[in-house]
Amino acid sequence: MSLDRISNLIFDQPHLYHPRKAETFVHAFGPRLTGYQVALTNGMGGVDHTAFANGRPSAAIIGDGLGRAYDRKGYSTFDVVQGVAIIGVEGTLVQKGAWIGASSGETSYQGLQTQIARASGDHIKGVVFEVDSFGGQVNGAFETAAMIRKLSAQKPTIAILTDYAYSAAYLLASQARQIIVPQFGGAGSIGVVMLHADWSGNLEQDGIKVTLIHSGKHKVDGNPYEPLPAEVLARWQSQSDQIRDRFAEAVATGRGKRLSKAAALKTEAEAFTASEAVELGLADAVGDPLAAFDAFIKEVNRKA
């Protein structure tokens, strides 16, 4: 991926990432993007997290072109065990990606939507979402969550965390009928993060002056060559607050009586341990992922 594309994707955009994941990205790519070492105020310490790495077990848009391509070739978009579909939600979540499952540490909402649509078929008795992700992009997240919520109204669903479900990943997991988290896993981070790079100080030191020629007062709002104006900061803060509010509302809809919107907002985007998540209503039980999977298969087939 080119550095220009990375810059366009990461800066001045709202994201549903765990803040430590965002911090890791800045530390890793900041020097390459800016040519300077990057210092973060109020840093929490980054996290190096790749889903299903280091021996952890792995599970298996418009027009549905990706799904139709699989259908033409007769390929299934997910594994099926005794009538139960397994859909993996792994690594960084991105809006578009013409693949099924995780690829290079990413899972696309496009691929997930393709799988969810096919999991609604009569041949599927229930669906397991195997989750291990620190979150990802906003665009596509709420649409995917709505599809999971609709699927959960039709048939049994369960989100089994093999490690973590933070931010966008938790948004998706919260739409399943149940959430099981491993003993040393975690869930939460119901919040929004945005990053803005201000290069103006470094450019001034290097004797570089950037002239932005534009038509329209707000055409270059938030550009990296000038300090961020207070009114732009306020507008972006309002946008982030609105997304967080919708995030909490969607979580509350998925969790029902177990977690209200007010309670979701009260978490203030904190990431919780497994036991804390259950106590607060973000998850239903602490359990071994494989045992939870076996129990779900037995229950689904018992009722079938």
Efficiency of FRET from Cβ geometry, Lys298 and His218, R₀ 51 Å, rounded to 0.05 = 0.35
Holding the Cα-Cα limit at 23 Å, pick out from Lys96/Lys219; Lys96/Lys155; Lys125/Lys150 the pairs that are longer than that.
-> Lys96/Lys219; Lys96/Lys155
Please report, in cubic angstrom per residue, the volume enclosed by the convex hull of the alpha-carbon atoms of the chain.
-> 151 Å³
Values of log10 I(q)/I(0), in the order q = 0.10, 0.13, 0.22, 0.23 Å⁻¹, for the range 188-282 under a Debye, Cα-only, solvent-free model = -0.45, -0.62, -1.05, -1.11
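Okay, helix-only estimate at 222 nm for the chain: each DSSP H run of n ≥ 4 adds -39500 (n - 2.57), divide by all residues, round to 500 deg cm²/dmol; what do you get? Don't skip to the answer; put the middle values down first.
Numbers: 11 runs with 124 residues, N = 304.
Mean residue ellipticity at 222 nm (helix-derived): -12500 deg cm²/dmol.
No lab work stands behind these numbers, since they all come straight from the coordinates. Just so it is clear, the structure is predicted and the values come from calculations on it, not from any experiment. Reconstructed Cβ throughout: ideal geometry from the backbone, glycine too, with neighbour counts over all protein chains shown.
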